[in-house]
Amino acid sequence: MKLLFKQRLFSWFDSYDIFSESGETLYSVQGKLAWGHCLKIYDRLGNELGTVKERVLTLLPKFEIYLGQEYKGCISKEFTLFRPKFNIDFNGWRVEGSFMEWDYSILDESGRNIASVSKQLFNWTDTYVIDIANPKDALCTLMLVLAIDAEKCSRND
């Protein structure tokens, strides 16, 4: 299953549309006014599915993941010199990224590929292709990609 993750060009807060390979909108993401990033994920009917919320006042960026209203875990950036590294405390997943942080893989504890993420260059806004091995992992994968993108945006501001 492939998802196209595209940031909206004109928006006061972070907003994204997530499309299927056929161009159908599967999810929408709306940034909310908050200290740090707070991203709400909705299905195509407008039902809230989850939240990615940045913890503030931490040494390195941390993002809490909620499915519905239930806390599922935290994604935190680790200090490294060359390769980005994130600690993920849910699903037993880990992230391995490239030097430029444009391409990375999400792996389970046995090293099986959950998803591959690649940034499309030469677009007006952040655009990623997310290739997900199992469609049931789509929402959690999307939330992880949102947290990583929010961390990069925070660093570049």
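Determine if the range 138-156 includes at least one residue that is closer than 20 Å to Tyr16 by Cβ, among the β-branched types (Val, Ile, Thr), modelled with pLDDT of 90 or more and in contact with a helix residue (DSSP H, G or I) (Cβ under 7 Å, 6 or more places away or on another chain). So far as the range 138-156 goes, no, none of its residues is closer than 20 Å to Tyr16 by Cβ, among the β-branched types (Val, Ile, Thr), modelled with pLDDT of 90 or more and in contact with a helix residue (DSSP H, G or I) (Cβ under 7 Å, 6 or more places away or on another chain). For the range 46-59, filtering for residues that are of a type outside the set (D, E, K, R), part of a strand (DSSP E or B) and free of Cβ contacts under 8 Å to residues at least 24 places away in the same chain leaves 1. The single condition among (1) at pLDDT below 85; (2) among the hydrophobic types (A, V, I, L, M, F, W, C); (3) surrounded by fewer than 17 Cβ atoms within 10 Å (Cβ to Cβ) that Ala133 does not meet is (1).
The residue that is surrounded by the most Cβ atoms within 10 Å (Cβ to Cβ), counting only those in the range 32-45 that are in contact (Cβ under 8 Å) with a residue 12 or more places away in the chain and part of a strand (DSSP E or B), is Leu39. Filtered by the rule that a residue be surrounded by fewer than 16 Cβ atoms within 10 Å (Cβ to Cβ) and among the hydroxyl-bearing types (Ser, Thr, Tyr), the range 55-97 gives Thr58, Tyr71, Thr80. Whenever a residue of the range 97-121 is at pLDDT 95 or above, its partners that are surrounded by 15 or more Cβ atoms within 10 Å (Cβ to Cβ) and among the aromatic types (Phe, Trp, Tyr), lying with C-beta atoms within less than 7 angstrom and at least six residues away or across chains, give the pairs Ile114/Trp93.
Looking only at residues in the range 60-98 that are part of a strand (DSSP E or B) and of a type in the set (D, E, K, R), the one that is farthest from the chain's Cα centre (by Cα) is Glu70.
The residues of the range 1-31 that are outside any strand (DSSP E or B) and modelled with pLDDT of 80 or more, listed by number, are Met1, Glu21, Ser22, Gly23, Glu24.
The values are calculated or read from the model by the stated rules, or taken from the named source; none is laboratory data. Just so you know, these numbers come straight off a predicted model, no measurement behind them. Cβ coordinates were reconstructed from backbone atoms using ideal geometry, including for glycine residues, and neighbour counts include every protein chain displayed.
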